[in-house]
Amino acid sequence: MATHEVFNQPDALMDYNLFEGNRGMRDALAFNAPGLDTASLSTLGGRWGTRAMQVHARLANVHAPQLHSHDRSGRRIDQVEFHPSYHALMAQAVGAGLHATAWSAPQGGHAHLLRAAGFMLFTELEPSTLCPISMTYAVTPALRSNAAVYADWSAGLASLQYDASAVRWSDKAGLTMGMGMTEKQGGSDVRANTTQAVADGQDAWGKRYLVTGHKWFMSAPMCDAFLILAQTPAGVSCLFLPRVLPDGTVNAIHIQRLKDKLGNKANASSEVEFVDATAWLVGDEGRGVPQILEMGTMTRLDCALGTSGLMRQSLAIALHHTAQRQAFGKPLIAQPLMRNVLADLALESEAACMLALRLARAFDRPDDAHERAMARLLTPVAKFWICKRGSHFAQEAMECLGGNGYVEEGGEGVMARIYREMPLNSIWEGAGNIMAIDLLRALRKSDAAAALAHECAPARGTHAALDRLIAALPTRIEAADSEIGARRLAQDIALALQASLLAQSAPGYVVGTFCASRLAGDWGHVFGTLGAGTDVDAIIKRAQPT
Ligand SMILES: Cc1cc2nc3c(=O)[nH]c(=O)nc-3n(C[C@H](O)[C@H](O)[C@H](O)COP(=O)(O)OP(=O)(O)OC[C@H]3O[C@@H](n4cnc5c(N)ncnc54)[C@H](O)[C@@H]3O)c2cc1C
């Protein structure tokens, strides 16, 4: 006998075009690359917004990877087994070229920007499979420093075919790469690495070493090779460590266990030990930290992009849910205070998207001095600020769904997944303090302050509070010699840039409210505190996903 009728339970947000429904992203792209052909993004946005892909995303996270360290006879195999949905997601990301195509595209175009937008869209579908994708994208600038390895591996790294087999690089249709820096005794402080590399001769790939030691975090251990740090007599050096050696034997990378993580469930993150593993030098001996940071710069970009994508997805779900759910006689989205929350989240999401895409654009013009300075300045700023805002954002978006936001089950369980994922981009590849301190380094060593002033100049006159902040920054930058104020400076540079960019790309009601709330103090300490008189209707309408 039926006890009750089920009603007033919203449908999950599925089968929509992630790109076409994202007005903020489309306007940010139009600003950063006027006339850009976005047809490919529309295709990807349609494909990755489908119910079928969302099922893959759920299954890949529910059925977490499993380590098989030994076979039934007790021999080491060091294999990680993934659910088929993980492989389906990887095939999608690789097929779209998110791991590489930006490097093989002709110079002078918008390849990094387009790839960045695609990366954000994929993040909306499933973020944790993007870990090896991001590391493969990031590795190219650093790997070029070993020309022989790069010559042999670059075609495989750029291939659009996903190949999960554990065989020699030359027998594979496509390759992926990871990185190993963090050790038990030091993560941020990688110079504390104790892993030892002993010279073992020379061959076609250059100086060869035998590596003994460990890594405390090494994600995606099924990648085909890794850039790692190890001590040589000259100091910390960067080495190329393939999983399968050129003679077809498996390298001595022993996976000890997989991390039991808060989120990021579909991705395997491992603890490994190297037992006389074979590796080749990349760059100069003793210069490993700056060498591997060329990779770190690109993964930091992806942290900003990824968090922006997660913000957008959680906002879209919140908008979709509150439009259907009735409380106190009308849809939640019609309740004035809920409108304040949603509009505030929409502003934050659009500003994050714009800042992250602006950073990506800088990598399309390495020959341009201003863009190089922006890349150096914006990388720590965007990684710090966007990722810091992520967890707070996800909590508030989740709360828009009430109890349904907190459960794992079904389509709207995406919210719980997003919430668990959010802190990660802030921690890995340099946690918040490390990014803020890196900003100080960037400001000391480059023409970043002048680049910042140049970047913000077109927005002068938009809002008095923005003018005041832009005018104050040069003096603050000049005086920025103490780490204690580094977070505040990173925050304020981020806000000045976000407002300046929105002033050039978004409607007046967006930038006006952004400046009034974030810069002029007409705001509280939580989302949903926009001032009276804010045009929340226009902001919410602009943010609607469908
Ligand atoms: C899911 C996941 C996947 C990962 N995958 C990889 C991977 O594939 N490869 C890899 O190499 N690493 C990986 N990591 C490790 C990650 O990059 C490190 O955890 C991170 O860099 C921080 O290092 P740590 O854990 O040693 O923390 P610590 O270095 O001990 O830092 C702890 C805290 O202290 C702060 N801090 C450090 N120094 C200072 C200072 N001078 N002043 C003020 N504050 C400071 C940091 O900001 C941080 O908040 C992964 C981590 C996670 C969670």
### Message
Can you find, among L143, A166, L130, the residue sitting farthest towards the positive end of the charge dipole of the stretch 117-177, where Lys and Arg contribute +1 and Asp and Glu -1 at Cβ?
### Response
L143
### Query
Dipole of the stretch 92-246, Cα-centred, from +1 at each Lys and Arg C-beta and -1 at each Asp and Glu C-beta, to the nearest 20 debye?
240
### Task
Might you tell me the accessible area per residue for the chain, computed with a 1.4 Å probe and given in Å²?
39
### Task
With the Cα gyration tensor of the stretch 75-168 in hand, convert its eigenvalues to equivalent ellipsoid semi-axes via √(5λ) and list them largest first in whole Å.
23, 20, 10
### Query
Rank K445, K265 by accessible area, highest first, at a 1.4 Å probe radius?
K445, K265
## Note on the structure
Computed over the chain, the relative contact order (Cα-Cα under 8 Å, seq sep at least six) in percent reads 15
### Query
Which of the helices in the chain, when you take each full DSSP H run, stretch at least 18 Å along the axis at their Cα atoms and have an average Kyte-Doolittle score of -0.5 or higher?
111-125, 130-143, 288-324, 336-362, 369-399, 414-427, 432-445, 464-478, 486-505
#### Entry: Sparse-neighbourhood loop sites, chymotrypsin sites (Phe, Trp or Tyr not before Pro) in the stretch 5-81 - DSSP loop, at most 12 other Cβ within 10 angstrom
F7
### Message
Quick check on the stretch 107-210: take the gyration tensor over C-alpha atoms, sort the square-rooted eigenvalues as a ≥ b ≥ c, and tell me if it's rounded (a/c under 1.5), prolate or oblate.
### Response
oblate
### Message
How large is the translational diffusion coefficient of the chain in µm² per second when you combine the Kirkwood radius over alpha carbon pairs with Stokes-Einstein at 37 °C and 0.692 mPa s?
### Response
137
### Query
When all protein chains stay in place, what accessible area (Å², nearest 10, 1.4 Å probe) is found for V414?
20
### Task
Could you tell me the distance between the Cα centroids of the stretch 158-191 and the stretch 401-452, to the nearest Å?
23
## Note on the structure
One can check that the equivalent ellipsoid of the stretch 407-467, built from the alpha-carbon gyration tensor with semi-axes equal to the square roots of five times its eigenvalues, has lengths in Å, largest first, of 36, 21, 8
### Query
Excluding ligands and nucleic acids, what accessible area in Å² is computed for T38 using a 1.4 Å probe, to the nearest 10?
40
### Task
Over the chain, with every protein chain in place, what whole percent of the accessible area is carbon and sulfur at 1.4 Å, could you tell me?
53
### Task
Report the relative contact order of the stretch 423-546, percent, no decimals, based on alpha-carbon pairs under 8 angstrom and at least 6 residues apart.
25
## Note on the structure
With +1 at each Lys and Arg Cβ and -1 at each Asp and Glu Cβ, the charge dipole magnitude of the stretch 209-342 around its Cα centre, to the nearest 20 debye, comes out at 1100
### Task
Treating each Cα of the stretch 1-122 as an identical point scatterer and ignoring solvent, apply the Debye formula and state log10 I(q)/I(0) at q = 0.13, 0.18, 0.22, 0.23 Å⁻¹.
-0.70, -1.00, -1.24, -1.29
### Cα-Cα over 27 Å, subset of K330/K541; K184/K265; K207/K259; K383/K445; K184/K388; K259/K445
K207/K259; K259/K445
#### Entry: Per-residue SASA entry for E396, accessible area with 1.4 Å probe, Å² rounded to 10
30
### Message
Tell me the relative contact order for the stretch 293-441 as a rounded percent, counting alpha carbon contacts under 8 Å between residues six or more apart.
### Response
31
### Cα shape, the stretch 145-271, gyration tensor, a/c 1.5 rule
oblate
### Summary
With no solvent term and unit scatterers on the alpha-carbon positions of the stretch 273-360, Debye gives log₁₀ I(q)/I(0) at q = 0.12, 0.13, 0.17, 0.24 Å⁻¹ of -0.58, -0.63, -0.81, -1.09
### Query
Which of rounded, prolate, oblate describes the stretch 226-317, given a ≥ b ≥ c as roots of the alpha-carbon gyration tensor eigenvalues and a/c under 1.5 marking rounded, otherwise prolate only if a/b is larger than b/c?
oblate
### Message
Report D for the stretch 422-515 in µm² per second (integer): Stokes-Einstein, Kirkwood Rh on Cα pairs, 20 °C, 1.002 mPa s.
### Response
152
### Query
Using a 1.4 angstrom probe with every protein chain in place, what is the largest-first accessible-area order of I484, I477?
I484, I477
### Query
Which loop-located trypsin sites (Lys or Arg not before Pro) does the stretch 65-130 contain, where loop means any DSSP state but H, G, I, E or B and the Cβ has at most 16 other Cβ atoms within 10 Å?
R72, R75
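The values are calculated or read from the model by the stated rules, or taken from the named source; none is laboratory data. All figures in this text were calculated on a predicted structure; none of them were measured in a lab. With ideal geometry, Cβ positions are generated from the backbone for all residues, glycine too; neighbour counts draw on all protein chains shown. These area figures cover heavy atoms from the full protein model, side chains too; ligands, DNA and RNA do not enter into them. Shrake-Rupley method; radii C 1.70, N 1.55, O 1.52, S 1.80 Å.
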